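Undergrad: Here it is, the structure, as structure tokens.
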Amino acid sequence: RLGATLIQGFYIARPCEKVAEKDLRQKVWDVNETYSKILKNMQLEEKRFHEMGEEVENLFCSFVSNAQNIKNWTESGTGLLEEHPSVEALYLIDNENRQVGHTLIKSQTRSFYEPTKDGYDYSLKEYHIRAKNAIDGKHLTEPYLSLASGSLCRTYASRISISQTPYVLCIDFCVGAN
């Protein structure tokens, strides 16, 4: 994931006639140890985002099950933003790839950035496509700059069913938040 297939440079060894093999092996071992720690931390972070996403998803489904009209889901969803400090935004996408209602967003947006509105077309958004087609119906993006707020975020997209109608719930988490 970090893209390294070849290690070279003065950290491993300076140019010389004969390299001390023992030193070289230790340096490579140190790089391997550091890389392993980085991967473990990335896996733990991904697990944490999935757990938070599932928790918010379950709460969302219980809130929305009481909504009379799915277009009014935002009225019952605002509490989720207040309860979860790391959730930056929530939006719902229907089976026709269109956003249902406006984006619920916690933070003030910067002048260049704007949350999407009812009817926005998500048919070409990778996280939406991946969630719709995934075996488990879930997808977590890598960190990216949110067009809704300008903050660094990760989107947890999950296929859900409300009144036997399929949707994709998208939860934007602030990167670096608890």
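The values are calculated or read from the model by the stated rules, or taken from the named source; none is laboratory data. Because the structure is predicted, anything quoted here is derived from the model rather than measured. We place every Cβ from the backbone using ideal geometry, glycine too, and count neighbours over all the protein chains shown.
Undergrad: From the residues in the range 152-173 that are without any contact (Cβ under 8 Å) to a residue 60 or more places away in the chain and hydroxyl-bearing (Ser, Thr, Tyr), which one is surrounded by the fewest Cβ atoms within 10 Å (Cβ to Cβ)?
TA: Among those that are without any contact (Cβ under 8 Å) to a residue 60 or more places away in the chain and hydroxyl-bearing (Ser, Thr, Tyr), it is 161.
Undergrad: May I ask you to verify whether residue 47 is over 19 Å from residue 153 (Cα atoms) and charged (D, E, K, R)?
TA: For residue 47, the condition - over 19 Å from residue 153 (Cα atoms) and charged (D, E, K, R) - is not met.
Undergrad: On to the next question. Restrict the check to the range 55-70 and report whether at least one residue is out of contact with any helix residue (DSSP H, G or I) (no Cβ under 9 Å at 6 or more places or on another chain), within 21 Å of residue 143 (Cα to Cα) and modelled with pLDDT of 90 or more.
TA: There is at least one residue in the range 55-70 that is out of contact with any helix residue (DSSP H, G or I) (no Cβ under 9 Å at 6 or more places or on another chain), within 21 Å of residue 143 (Cα to Cα) and modelled with pLDDT of 90 or more.
Undergrad: Just the residues that are surrounded by 14 or more Cβ atoms within 10 Å (Cβ to Cβ) and touching a residue at least 24 places away in the same chain (Cβ under 8 Å), please, taken from the range 121-142.
TA: Matches in the range 121-142: 122, 127, 128, 130, 131, 132, 138, 140.
Undergrad: Considering only the range 29-80, state which residues are among the aromatic types (Phe, Trp, Tyr), surrounded by 12 or more Cβ atoms within 10 Å (Cβ to Cβ) and out of contact with any Lys or Arg (no Cβ under 8 Å at 6 or more places or on another chain).
TA: 35, 60, 63, 73
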